[in-house]
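Comments concern the structure below.
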Amino acid sequence: MESEDCVGASTWREQMTRTLAVCVISVGCWITPLRAQISIDLVREAQMQERALLDRTAEQQREQQFQQGLRQKQFEAKFNQLVEAIASFSREYKKSKGAIWPQREADKLRKALHELQASEKSLREDTKRARAQ
């Protein structure tokens, strides 16, 4: 009887082993497509993040170019005001043949120069260096 119990237990173990093997294979077959889908989703997510980053970078570059163009136009306007103030001062000074100091034009010239320096950082630094020496 013991040998029958051993044979029965052995058969039972074999059946359980086969059943477990079938379950593992079934789960593996179910998980493999799921893992593939997860991998595809991760790739898509990475691509979307990359696209968003590229879009933000492009937007920042456009904004930077816009700001640079705006600063250039402002500089040109301030520079043209300075040139006009110099020309006006020169005309008035020459008109009086140097006998009269055109104070109003000198004030306009000083103001135009100050506005140009205020709008352009490199001009402010040069002025500070000149004053320090």
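The values are calculated or read from the model by the stated rules, or taken from the named source; none is laboratory data. Small disclaimer: the values here were computed from a predicted structure and weren't measured. No Cβ is skipped: glycine too gets one built from the backbone with ideal geometry, and neighbour counts run over all protein chains shown.
Side notes on the structure shown:
- Unmet requirement for Glu84, which otherwise passes all of (1) within 19 Å of Glu120 (Cα to Cα); (2) modelled with pLDDT under 95: (2)
- Scan of region 95-112 for residues that are in a loop (DSSP other than H, G, I, E, B) and either charged (D, E, K, R) or exposed (fewer than 13 other Cβ atoms within 10 Å of the Cβ) (or both), ordered by number: Ser96, Lys97, Gly98, Ala99, Ile100, Trp101
- Flag for Glu115 being surrounded by 10 or more Cβ atoms within 10 Å (Cβ to Cβ), within 25 Å of the chain's Cα centre (by Cα) and either assigned to a helix (DSSP H, G or I) or of a type in the set (Lys, Arg) (or both): no
- In region 55-63 there is no residue that is of a type in the set (A, V, I, L, M, F, W, C), under 30 Å from Leu123 (Cβ atoms) and at pLDDT 90 or above.
- Inter-residue pairs, beta-carbon under 7 Å, first within 30 Å of Ala112 (Cα to Cα) and in region 57-78, second surrounded by 10 or more Cβ atoms within 10 Å (Cβ to Cβ) and modelled with pLDDT under 95, 6+ apart: Gln74/Ser119; Phe75/Ser119; Phe75/Glu120; Lys78/Glu115; Lys78/Leu116; Lys78/Ser119
- Condition check for Glu76: among the charged types (D, E, K, R) and at pLDDT below 90: no
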